[in-house]
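Chemist: Please read through the structure below; I'll follow up with questions.
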Amino acid sequence: MNQSVTPKFSAVVFDMDGTLLDTLADISHSLNSVLEEEGYPTHPVEVCRVMVGFGMRELVRKALPESAHDDAITEPLLKRMQARYAEHWNDSSRPYDGIAELLDAIDRLGLKKAILSNKPDRFTRQCAEELLAPWKFDVIMGFREGIAPKPDPTGALMVAEELGVQPATILYVGDSGVDMKTANSAGMYPLGVTWGYRPGDELLATGAAKLVSSPEAIIPLLMG
Ligand SMILES: O=C(O)COP(=O)(O)O
């Protein structure tokens, strides 16, 4: 680590889908193939883009017609979606350009780093282990039954606790309004990224302190 450079933050918490990884095509494919098999209307990828981010249960619910918003329908469909995604999570999902350089810079600066996602926990871990294999994350936390999903701050505060740092010293990097609300209610610095699934105006309206349009643009923010 360069001794003349003081990190401003002690840790970086990343959202996964739309921030570290472009997962949209695999999620959309898994969702649509299950909807189609059940005779429900499917959705273009651009519609899926705005339905992702609230967790898989909510994705399935949003994708179904309102007449099918019943646990007796949504829960079995969620299980099928999970099974389908287990086969297709890695067809085309990849880190965005510049993520490798950003993660390398975080490591060079000696900052801790974590992932907090509304994606089911096992898929969050699988994606990190396979698609972000060169980097070690200090904490990886996906959606776990019994813990409220983002934007509830519970998960973010658990991550801070596990990292052993104060929330106020955490840079939270995400691509959606859900992320900006989470960061604000957990007392973390909300940094919005515009290469993901949501437009910059949504991020500003939900409390982004700043927007960046490339992973490399985050590197100078890490220096004190
Ligand atoms: O599965 C989702 O809904 C999105 O997950 P994310 O929190 O990584 O964006």
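The values are calculated or read from the model by the stated rules, or taken from the named source; none is laboratory data. It should be emphasised that the depicted structure is a prediction, and the values quoted were computed from it without experimental measurement. Heads up, the Cβs are rebuilt from the backbone with ideal geometry, glycines too, and the neighbour counts pull from every protein chain shown.
Chemist: Suppose we filter region 171-191 for residues that are over 12 Å from the mean Cα position of the chain (by Cα) and within 16 Å of the ligand (Cβ to nearest atom); how many remain? Spell out the reasoning first.
Modeler: Filtering region 171-191 down to residues over 12 Å from the mean Cα position of the chain (by Cα) leaves 171, 181, 183-191.
Of the ones still in play, those that are also within 16 Å of the ligand (Cβ to nearest atom) are 181, 183-186, 188, 190-191.
Going through region 171-191 one residue at a time, the tally reaches 8.
Chemist: Being β-branched (Val, Ile, Thr) and under 12 Å from residue 13 (Cα atoms) is the filter; apply it to region 172-196 and report the residue that is surrounded by the fewest Cβ atoms within 10 Å (Cβ to Cβ). Lay out the reasoning, then the answer.
Modeler: Taking region 172-196 and keeping what is β-branched (Val, Ile, Thr), we get 173, 178, 182, 193-194.
Now restrict to residues that are under 12 Å from residue 13 (Cα atoms): 173, 182.
Working: 173: 25, 182: 29.
Residue satisfying both the conditions and the ranking: 173.
Chemist: Looking only at region 122-136, count every residue that is out of contact with any Leu (no Cβ under 9 Å at 6 or more places or on another chain) and part of a loop (DSSP other than H, G, I, E, B) and tell me the total. Don't jump to the end; show me each part of the working.
Modeler: Step one: of region 122-136, the residues out of contact with any Leu (no Cβ under 9 Å at 6 or more places or on another chain) are 122-123, 125-126, 129-130, 133, 136.
Checking which are part of a loop (DSSP other than H, G, I, E, B) leaves us with 133, 136.
Result for region 122-136: 2.
Chemist: If I filter region 153-170 down to residues being touching a helix residue (DSSP H, G or I) at 6+ places or on another chain (Cβ under 6 Å) and in a helix (DSSP H, G or I), which single residue comes out as nearest to the ligand (Cβ to nearest atom)?
Modeler: 156
Chemist: Can I ask one more? Show the residue pairs that are 6+ apart or on different chains and have beta-carbon atoms under 6 Å apart, the first residue being within region 46-74 and within 11 Å of the ligand (Cβ to nearest atom), the second being among the charged types (D, E, K, R) and assigned to a helix (DSSP H, G or I).
Modeler: Correct list of pairs: 51/62.
Chemist: Given the condition of a type in the set (A, V, I, L, M), part of a helix (DSSP H, G or I) and within 14 Å of the ligand (Cβ to nearest atom), answer yes or no: does some residue in region 90-107 qualify? First the steps, then the outcome.
Modeler: Just the residues of region 90-107 that are of a type in the set (A, V, I, L, M), to begin with: 99-100, 102-103, 105-106.
With part of a helix (DSSP H, G or I) added as a condition, the list becomes 99-100, 102-103, 105-106.
Now drop any that are not within 14 Å of the ligand (Cβ to nearest atom), which leaves 99.
Yes, some residue in region 90-107 is of a type in the set (A, V, I, L, M), part of a helix (DSSP H, G or I) and within 14 Å of the ligand (Cβ to nearest atom).
Chemist: Could we say that residue 169 is under 22 Å from residue 50 (Cβ atoms) and surrounded by 15 or more Cβ atoms within 10 Å (Cβ to Cβ) here? Let's see the steps before the verdict.
Modeler: Details: under 22 Å from residue 50 (Cβ atoms): no; surrounded by 15 or more Cβ atoms within 10 Å (Cβ to Cβ): yes.
Spelling it out, it is not the case that residue 169 is under 22 Å from residue 50 (Cβ atoms) and surrounded by 15 or more Cβ atoms within 10 Å (Cβ to Cβ).
Chemist: Could you tell me whether any residue of region 61-72 is under 19 Å from residue 221 (Cα atoms), over 20 Å from the mean Cα position of the chain (by Cα) and modelled with pLDDT under 95? It would help to see each step written out before you state the result.
Modeler: Restricting attention to region 61-72, the residues satisfying the condition of being under 19 Å from residue 221 (Cα atoms) are none.
Checked against the condition, which is being under 19 Å from residue 221 (Cα atoms), over 20 Å from the mean Cα position of the chain (by Cα) and modelled with pLDDT under 95, region 61-72 yields no hits at all.
Chemist: Answer with yes or no whether residue 150 is surrounded by 18 or more Cβ atoms within 10 Å (Cβ to Cβ), part of a loop (DSSP other than H, G, I, E, B), within 15 Å of the ligand (Cβ to nearest atom) and not hydrophobic (A, V, I, L, M, F, W, C).
Modeler: Working: surrounded by 18 or more Cβ atoms within 10 Å (Cβ to Cβ): yes; part of a loop (DSSP other than H, G, I, E, B): yes; within 15 Å of the ligand (Cβ to nearest atom): yes; not hydrophobic (A, V, I, L, M, F, W, C): yes.
It is true that residue 150 is surrounded by 18 or more Cβ atoms within 10 Å (Cβ to Cβ), part of a loop (DSSP other than H, G, I, E, B), within 15 Å of the ligand (Cβ to nearest atom) and not hydrophobic (A, V, I, L, M, F, W, C).
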